[in-house]
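> Before I ask anything, let me first share the structure, which is written out below as structure tokens.
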Amino acid sequence: MSEQSGTASSRPETVAIIGVGLIGGSIAAAVKTRSIARTVIGVGRTPARLEPAVSRGWLDRVTTDVSAAAREADLVIFCTPVNRIAAGVREAAALCRPGTLITDAGSVKGSICEELSDGLPHGVEFIGSHPLAGSEKQGCEFADSNLLEGRVCVITPMESSTGPARDRLKQFWTRLGATVRELSPAAHDRALAETSHLPHVIAATLAATLSIENRPFAATGFRDTTRIASGDPDLWTAILLANADEVLRSLQKNEQITERFRTALESSDAESLKTLLNAAKSNRDALNTS
């Protein structure tokens, strides 16, 4: 196994991807397109659904058996819903060889990293990852080998994480085109509550507010603002519950700003409205230069 030495320059010989949807499929595509690993194994509940990735040459083999894939892999990546990641990692780790690195692509890190902070077999490490890329679309048929190009990938090492494993993971995501940032699991969850989870809740509330009679008048602005509300409800239920405390804090902050808009409107205070809108515009415009 090419990475058992733990050197920072080593590359994985075999990558197993558990859950080959949009993100898992895009990772597989990038790994094969960039020749990062010799073999990519895709694990899914229904192998037939992985056929688009097989036919495009992104997966060398598919299986429904997590354990079988884990036995072979140098690097195991869980791209399953967040409420299934920790249990899946423990199942895989029990059969991994020493030197195997396990990561994930989940949108929540605190609960997962806490559960996996100890108890894994000697020589097998888990370090959380979260590539900040995606779409409301699901399925490997929508995968893109360049999905991670120029995007941020957050990794969340724990106190027990070793330097070689951290370096291996950083190099893996960098080779896929991502810019790697390192945060604690708690800091990650605070940030993502504000930048991803709260926006999904807001988009969902806007979409739910739209009356049937006004659907014909929902043009580009409404469609752009609510696009992410088309995401998988099961997936997002798991994410929001797993990060509920931080999402609630972000909701409270949003409600305070919403109340300022309400007060300005009720008092016909044009100056306050303009100040609020200018602050929002400035914050949004800054994203184009960051």
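> I need the phi-derived Karplus couplings for the stretch 209-221: 6.51 cos²θ - 1.76 cosθ + 1.60, θ = phi - 60°, integer Hz, Gly and Pro marked x.
The phi angles translate into 6, 5, 7, 4, 5, 9, 4, x, 9, 7, 9, 4, x Hz.
> Find how much the distance from GLU159 to ARG181 grows on full extension, using 0.36 nm per residue of separation minus their present alpha carbon separation; answer in nm with one decimal.
Contour length minus the Cα-Cα distance gives 6.3 nm.
> ARG61's amide H: which non-local residues (gap 5+, or another chain) put their own amide H closer than 5 Å, with H modeled 1.01 Å from N in plane and none for Pro or chain starts?
Under 5 Å from the amide H of ARG61 lie the amide H atoms of VAL40, GLY42, each far enough along the sequence or on another chain.
> Projected onto the charge dipole of the chain (+1 at Lys/Arg Cβ, -1 at Asp/Glu Cβ, origin at the Cα centre), which of ALA264, THR63, HIS122 gives the Cα projection farthest towards the positive end?
THR63
> Using mean Cβ contacts within 10 Å as the protection proxy, how do 114-121, 143-150, 255-262 order, highest first?
143-150, 114-121, 255-262
> Additional query: Under 30 Å between C-alpha atoms is the cut-off here; go through the chain and count lysine pairs that meet it, provided they're at least eight residues apart or on different chains.
11
> For the stretch 14-183, what is the charge dipole size about the Cα centre, in debye to the nearest 20, if Lys and Arg each add +1 at the Cβ and Asp and Glu each add -1 at the Cβ?
The dipole of the stretch 14-183 has a size of about 400 debye.
> Can you check how the C-alpha radius of gyration of the stretch 14-183 compares to 2.2 N^0.38 Å, as a plain ratio?
The stretch 14-183 yields a ratio of 0.92.
> Taking Rh as the Kirkwood radius, which is the inverse of the mean 1/r over Cα pairs, what is the Rg/Rh value for the stretch 58-104?
Ratio of gyration radius to Kirkwood radius: 0.94.
> Next question, about the same structure. With r defined as the distance between the Cβ atoms of ASP60 and LEU210 and R0 fixed at 45 Å, what FRET efficiency is calculated, to the nearest 0.05?
The value I calculate is 0.50.
> A further question on this structure: Compute the long axis of helix 270-286 from its Cα atoms, compare it with the longest principal axis of the Cα atoms of the chain, and write down the angle in degrees, 0 to 90, nearest 10.
20
> Net charge around VAL180, counting only other residues with Cβ within less than 14 Å of its Cβ (Lys, Arg = +1; Asp, Glu = -1)?
Here the count lands on +3.
> Moving on to the next point. Please compute the contact order of the chain in relative form: average sequence separation of alpha-carbon pairs under 8 Å and at least six residues apart, divided by the residue count, as a percent.
Normalised by residue count, the contact order of the chain is 17 percent.
> Also: Return the distance in nm (one decimal) between the two label points of a simple spin-label model at GLU136 and ASN283, each offset 7 Å from Cα along Cα→Cβ.
Those two pseudo-labels are separated by 2.2 nm.
> Can you give me the distance in nm between label points at ARG223 and SER67, each placed 7 Å from the Cα along the Cα-to-Cβ direction?
Simple spin-label model gives 4.9 nm for this pair.
> On to the next question. Would you calculate a helix-derived [θ] at 222 nm for the chain, using -39,500 (n - 2.57) for each DSSP H run of n ≥ 4 and dividing by the full residue count, to the nearest 500?
Per the formula, -14000 deg cm²/dmol.
> In addition: Say the dipole of the stretch 150-290 comes from +1 at the beta carbon of Lys and Arg and -1 at that of Asp and Glu; which of HIS188, ALA208, ALA242 then lies farthest toward its positive end?
Projecting each Cα onto the dipole axis, the largest value belongs to HIS188.
> Whole-Hz Karplus ³J(HN,Hα) for the stretch 183-190, in order, using 6.51 cos²θ - 1.76 cosθ + 1.60 and θ = phi - 60°, x for Gly and Pro?
9, 6, x, 5, 5, 4, 5, 5
> Turning to a different aspect of this structure: Can you give me the distance in nm between label points at SER230 and SER35, each placed 7 Å from the Cα along the Cα-to-Cβ direction?
Label at SER230, label at SER35, 3.8 nm between them.
> Then there is this: For VAL154, what residues show an amide H to amide H distance below 5 Å, using hydrogens built from the backbone and excluding near sequence neighbours?
The answer is HIS130, LEU132, ARG181.
> Rounded to two decimals, what is Rg over Rh for the stretch 2-114 when you use alpha-carbon atoms and the Kirkwood radius?
Taking Rh as the inverse mean 1/r over Cα pairs, Rg/Rh reads 0.94.
> Something else now. How charged is the neighbourhood of ASP232? Take every other residue with its Cβ under 10 Å from the Cβ of ASP232, and add Lys/Arg as +1 and Asp/Glu as -1.
-1
> When the convex hull of the Cα atoms of the stretch 188-286 is projected onto a plane and the area is averaged over all directions, what value comes out in nm²?
7.8
> For the stretch 150-164, just list the computed ³J(HN,Hα) in residue order, Karplus coefficients 6.51, -1.76 and 1.60, θ = phi - 60°, integers in Hz, with x standing in for Gly and Pro.
3J(HN,Hα) across the stretch 150-164, in whole Hz: x, 9, 7, 10, 8, 10, 10, x, 10, 4, 7, 5, 8, x, x.
> Still on this model: Let's see if you can work this out: charge +1 on each Lys and Arg Cβ, -1 on each Asp and Glu Cβ, no other charges. What is the dipole magnitude of the chain about its Cα centre, in debye to the nearest 20?
680
> Turning to a different aspect of this structure: Taking H as built 1.01 Å from N, whose amide H comes closer than 5 Å to the amide H of GLY231, not counting residues under 5 places away?
Result for GLY231 returns nothing.
> How fast does the chain diffuse by Stokes-Einstein, in µm²/s, taking the Kirkwood radius from C-alpha pairs at 20 °C and 1.002 mPa s?
105
Every number in this text was worked out from the coordinates using simple rules, so none of it is lab data. All values derive from a computational prediction rather than experimental measurement. Note that each Cβ is placed from the backbone with ideal geometry, even for glycine, and that neighbours are counted across all protein chains shown.
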